[in-house]
1. Select from the range 40-57 the residues that are among the aliphatic types (A, V, I, L, M) and either closer than 23 Å to THR299 by Cβ or surrounded by 24 or more Cβ atoms within 10 Å (Cβ to Cβ) (or both) and list them in ascending order.
2. Among residues belonging to the range 65-119 that are out of contact with any helix residue (DSSP H, G or I) (no Cβ under 9 Å at 6 or more places or on another chain) and of a type in the set (Val, Ile, Thr), point out the one that is nearest to ALA21 (Cα to Cα).
3. On the basis of being surrounded by 14 or more Cβ atoms within 10 Å (Cβ to Cβ), within 21 Å of the chain's Cα centre (by Cα) and at pLDDT below 95, does TYR285 make the cut?
4. Just to verify a result, which residue in the range 210-219, among those that are outside any loop (DSSP other than H, G, I, E, B) and open to solvent by 50 Å² or more (accessible area, probe 1.4 Å), is farthest from GLY60 (Cα to Cα)?
5. Can you tell me which residue within the range 182-209, out of those that are in contact with a helix residue (DSSP H, G or I) (Cβ under 9 Å, 6 or more places away or on another chain) and assigned to a loop (DSSP other than H, G, I, E, B), is nearest to ALA232 (Cα to Cα)?
6. When you go through ALA98, ALA80, ALA102, ALA48 one by one, which is the residue that is at negative phi, of a type in the set (Gly, Ala, Ser) and touching a His at 6+ places or on another chain (Cβ under 6 Å)?
7. Just the residues that are in a loop (DSSP other than H, G, I, E, B) and surrounded by 10 or more Cβ atoms within 10 Å (Cβ to Cβ), please, taken from the range 104-116.
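The values are calculated or read from the model by the stated rules, or taken from the named source; none is laboratory data. These numbers come from a predicted model, not from an experiment. Cβ placement follows ideal geometry from the backbone for every residue including glycine, while neighbour counts extend to all protein chains displayed. Ligands, DNA and RNA are excluded from the accessible area calculation, which covers all protein heavy atoms including side chains. Shrake-Rupley method; radii C 1.70, N 1.55, O 1.52, S 1.80 Å.
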Amino acid sequence: MSENEKKLKRAIVLAGRGPAAGLHIGVLGYLKNLGIEFDVWALSGIGAWVGIVYNQADEGQEIEQTYKFFRDNVFGDDLAYESFPINVASTLDWFGNAEALASFLLEPSNYRNLLLPKEIVKSIAHTMSLLLGSRRKWNEADLYRWALNDVIAVNPLARLSMSMTHKLGIDGLFKIYYPDDALFNSIRFERLYEEGRPHLLHNAWNLSQQKLQLFSNKGDRYKQISAASMCACSSLPYVEKSVEIEGDMYCTGIFVDTANFKALLAEHPDLDEIWIIRFSGANRYREPKTLHDSFGNFTQLHEATLAEDDVKLFKFHLKRHNEWPGQIVEVKNSRGPFD
């Protein structure tokens, strides 16, 4: 670069979607080999994990150490995952679940309306009517509907079990954040705050205050990036338990804002380029063969279409208001050097 050439100020956007971690790392390695570096990182979901681990790594070892972290601590072995599709960083909260179960069983109000004599009599009458009075042949739907509504739904034990499933005092199947976890102690968060480090931004949804919260390693305008904030930004509702930070409960913000474009330009209006790394698109999903496939489609289709719409809206906003003269570079998961 000659003395008269200006060094481009670049931002990179790493979107969410768990399986994209490996693809993010691959693209970062490719860009690093080309000598392309970034001054600002706008992150969400698993993209925040990649960006944080990458930027705290030893100089020159960013790709190798980031890959090793995810390979050893998050995704595990393919053969093991095939029959047990849970990332190794998630755990069952045994003590928390046991405490919630005890609280539920010791609460008298949870036993109300378990035994419903009138409903049982109605179910028996309905059953006799179906058996003796119906002249048409039952089909599969009739059988299952009768079993659900006239057998299971009026059974006190079944009602208690269903009530416990939905009312137990837990908000996620798994828990990922523990303050003293060796997994997060291995991440040197203090390095993110050293002089000369890129500016990192990631989001999470504040459930207590009903607003999107940004976390950063620069200045005091936003909350600081930490192990808790990193877990909060990827805490998918129902799957991962919410994370408490300074008295407020948080979950992932990817369904609200997948790219943090507004904050990105507010903090850095002098950007020359914004590189958007996203691999999730609605056309990437296929007919599900298992419940695992269906659940993956359910969560990721939301995120995929939101990511697409965020980019489209951002481009439209810039074009309409002519607020930013820079360039957007999209890296998509298509046939090419990023596969």
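1. Answer for the range 40-57, where residues must be among the aliphatic types (A, V, I, L, M) and either closer than 23 Å to THR299 by Cβ or surrounded by 24 or more Cβ atoms within 10 Å (Cβ to Cβ) (or both): ALA42, LEU43, ILE46, ALA48, VAL50, ILE52, VAL53.
2. Among those residues, the one meeting the criterion is ILE86.
3. yes
4. Across the range 210-219, the extreme among qualifying residues is LYS211.
5. ILE187
6. Values: ALA98 fails: touching a His at 6+ places or on another chain (Cβ under 6 Å); ALA80 fails: touching a His at 6+ places or on another chain (Cβ under 6 Å); ALA102 fails: touching a His at 6+ places or on another chain (Cβ under 6 Å).
Result of the check over ALA98, ALA80, ALA102, ALA48: ALA48.
7. GLU107, ASN113, LEU114, LEU115, LEU116
One line per residue, one yes/no per condition, for (1) in contact (Cβ under 8 Å) with a residue 24 or more places away in the chain; (2) open to solvent by 50 Å² or more (accessible area, probe 1.4 Å); (3) in contact with a Pro (Cβ under 8 Å, 6 or more places away or on another chain); (4) under 20 Å from LEU105 (Cβ atoms):
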| position | (1), (2), (3), (4) |
| --- | --- |
| TRP146 | no, yes, no, no |
| SER161 | no, yes, no, yes |
| LEU192 | yes, no, no, no |
| ASN206 | yes, no, no, no |
